[in-house]
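Heads up, the thing below is written out as structure tokens.
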Amino acid sequence: MFTRVTLLFLLSTLSVWAQKPTSIDSLITARPFTEYVKHLSSDAFEGRKPFSHGEEVTVKYLETEFKKMGLKPGNNQSYFQDVPLVDILSKPSVPLKLATNNKELKLNYLTDFVAASRWTDAKVTLENSEMVFVGYGIVAPEFGWNDYQGLNVKGKTVLVLVNDPGLADSTLFKGKTMTYYGRWTYKFEEAARQGAAGVLLIHDTKAASYPWDVVRSGWSKSKLYLQSPDNNHSRAKVEGWLSKETTEKLLAMAGKSTDLYQQAAKRGFKPVPLGVKASIALDNQVKTSVSKNVLAYLPGTDRAEEVVIYTAHWDHFGKGEPINGDSIYNGAADNGTGVAAIMELAKAFTQLKKKPSRSLLFMSVTGEEQGLLGSEYYATHPVYPLSKTIANINLDILQPFGRMKDVIIVGKGQSDLDDIVEEAARRQGRFTRPEFNPAGGWYFRSDHFNFAKVGVPSMYLENGVVSIEHGEAWGRKKKEDYNTNHYHKPSDEYDPNWDLSGIIEDMRLLFNIGYKLTTEPVYPGWKKDSEFKNITRK
């Protein structure tokens with residue numbers, strides 16, 4: 001039986017779809033989208049790396065195109081928001097050493113461990129820092145969990161499991177669906193809040209959802225971070241990972257076993273001092289510079305102070321290691337398609353005869369590939385009040401595999417935006433589903449997440465896999481082929497033989513979602529078991 005609230009919601013939804021312009025098919029078409037992608041992923045854009053000529057070309061192109069559409073500058077009189085970044089290359093001058101009173105482990109960089117520092121000091125050292133195993137390193141009052149209860153870790157190095165207890169016990173947290181408390185970035189954040197000097201995460205392929213080679217590759221290069229007034233001294237001095245095999249050697253040296261992992265997944269777990277001290281010295285090469293988010297604004301009519309934000313990151317990896325003679329990482333799908341889509345969506349909204357009541361911000365952000373940095377900067381330095389930001393709709397990698405029967409809602413169950421997506425999908429004769437590996441924490445891996453962290457309901461859709469023409473097995477194989485052979489590789493290039501019919505259908509879906517949010521006084525919130533439900537927007 002419908003409750004009165006549910007009935008009102010359904011009636012308002014039907015009302016909005018009834019008002020939707022019948023010309024939507026003519027507003028969103030393949031031709032402009034194709035031109036946008038071809039430009040953004042051409043060699044002239046040099047792989048769109050921040051701080052490069054490729055960035056200059058990219059942001060200028062976006063500004064020019066948004067101006068042509070008649071969109072206003074999104075940051076007062078400017079289409080740009082400066083994002084101050086620092087590039088830090090950390091290399092061990094003294095490798096990580098783990099020692100007890102009578103035993104010592106000297107570890108090999110990249111093979112046994114990786115480590116870096118966000119501190120902008122030229123040299124950062126840990127000397128005989130006491131190590132403590134803190135289980136999952138989580139403080140989550142809503143789940144009745146505190147791994148740091150009664151523990152003072154100032155000056156100490158914490159050893160932490162990745163993922164969250166739900167991976168080991170489906171009755172805890174959200175079971176196999178990872179919460180943000182399971183994400184490795186959270187582990188570093190919480191350890192810093194607790195005052196730890198060092199943080200070492202225990203790598204496990206299943207728990208992390210990627211092999212050690214991914215960790216090794218990512219941590220062997222310089223890393224971009226947001227600049228901080230305290231030169232990032234609020235973070236732990238040293239952040240890093242230990243391989244699974246190295247961790248087992250450490251535990252054996254400490255007279256412990258991997259039984260600690262099972263203990264850590266039980267309520268009431270207490271941190272375990274290891275009787276081991278960690279030492280390391282890092283040399284940092286530090287460069288500072290400023291990258292740019294691109295913001296274009298369509299003012300609303302009678303509720304202009306309220307805003308809906310579409311985002312897509314413009315950055316990719318620039319020029320890098322040649323593969324088959326090609327050194328330009330063009331990023332056509334990742335994320336030329338997402339940027340092209342918000343441009344096409346922006347154009348469609350400007351062509352409506354009746355303008356939306358709420359305002360729209362179309363924002364292409366920097367630094368996603370380096371850790372969601374541009375969206376983090378906007379979320380912590382918003383141009384429009386977060387309390388008046390209705391929702392964020394994020395676009396990241398639209399695949400040219402043709403039309404699909406399904407729509408994947410990444411993080412399905414987090415917010416009321418799911419209901420709007422499901423209604424829009426039904427109107428296209430499609431169905432929604434969650435991502436296939438919720439234990440991988442995919443909701444926390446693209447730019448919408450930074451809006452969630454500050455309390456703004458946010459959503460991210462992936463292409464489905466149930467191909468209307470070829471079936472599900474074919475669709476899964478196509479996605480797997482992209483992830484294996486083209487993701488973050490120079491071969492991610494525009495192909496004139498792409499089947500764009502599915503992308504066009506998805507863009508119309510995304511338009512319908514934004515249309516409802518900007519024309520009806522709906523206020524999506526968080527689901528009752530979301531870890532973001534208690535965040536107050538400022």
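Structure notes:
- Percent RCO, i.e. relative contact order, over the chain, from Cα pairs under 8 Å lying at least 6 residues apart: 20
- Considering only Val132, Ser42, Ala99, and ranking their Cα positions along the charge dipole of the range 28-170 that arises from unit charges at the beta-carbon of Lys, Arg, Asp and Glu, the one farthest toward the positive end is Ser42.
- Dimensions (Å) - the range 48-173, Cα atoms, principal axes, largest first: 69, 44, 26
- Peptide packing: for 88-98, 146-156, 511-521, the average count of neighbouring Cβ atoms within 10 Å per residue gives the ranking 511-521, 88-98, 146-156, highest mean first.
- Taking every alpha-carbon pair under 8 Å whose residues sit at least 6 apart, the range 86-286 reaches a relative contact order of 41 percent.
- Cα gyration tensor shape of the chain, rounded if a/c is under 1.5, else prolate or oblate by comparing a/b with b/c: prolate
- For the range 282-336, the Rg and Dmax computed from alpha carbons only, in angstrom: 18.5, 56
- Share of pairwise Cα separations in the range 146-240, more than 24 Å, in percent: 27
- Cα centroid separation, the range 459-523 to the range 101-171 (Å): 38
- Within the range 229-276, the ratio Rg/Rh, alpha carbon atoms throughout and Rh by Kirkwood, equals 1.10.
- With 32 Å as the limit on Cα-Cα distance, the pairs of Lys49/Lys527; Lys266/Lys489; Lys221/Lys453; Lys103/Lys237; Lys106/Lys154 that go past it are Lys49/Lys527; Lys266/Lys489.
- Cα shape, the range 322-467, gyration tensor, a/c 1.5 rule: rounded
- A simple count of charges around Gly195, restricted to other residues whose Cβ falls under 10 Å of its Cβ and scoring Lys, Arg +1 and Asp, Glu -1, yields +3.
- Residue-averaged 222 nm ellipticity for the chain, from DSSP H runs of 4+ at -39500 (n - 2.57), nearest 500: -8500 deg cm²/dmol
- Prolate/oblate/rounded label for the range 388-538 (Cα gyration tensor, a/c 1.5): prolate
- With θ taken as phi - 60° and the Karplus curve 6.51 cos²θ - 1.76 cosθ + 1.60 applied, the whole-hertz 3J(HN,Hα) list for the range 68-73 is 4, 6, x, 6, 8, x Hz, x standing for glycine and proline.
- Scaling the Cα radius of gyration of the range 86-286 by the globular reference 2.2 N^0.38 Å produces a ratio of 0.97.
- For the range 221-319, diffusion coefficient by Stokes-Einstein and Kirkwood Rh (Cα), 37 °C, 0.692 mPa s, µm²/s: 165
- The Cβ shell under 9 Å around Val57 holds other residues with a net charge of -1, Lys and Arg each +1, Asp and Glu each -1.
- By the count of other C-beta atoms within 10 Å, a proxy for reagent exposure, Tyr487, Tyr109, Tyr61 are ordered fewest to most as Tyr487, Tyr109, Tyr61.
- Per-residue ³J(HN,Hα) for the range 164-169, Karplus 6.51 cos²θ - 1.76 cosθ + 1.60, θ = phi - 60°, Hz, x for Gly and Pro: 10, x, x, 5, 8, 9
- Evaluated at q = 0.24 Å⁻¹, the base-10 log of the normalised Debye intensity for the range 378-417, with identical point scatterers placed on the Cα atoms, takes the values -1.00.
Values quoted throughout were computed directly from the atomic coordinates according to the rules given, and no laboratory measurement underlies them. None of these values were measured; they are calculated from a predicted model. Here Cβ is always computed from backbone atoms with ideal geometry, including for glycine, and neighbour counts include all displayed protein chains.
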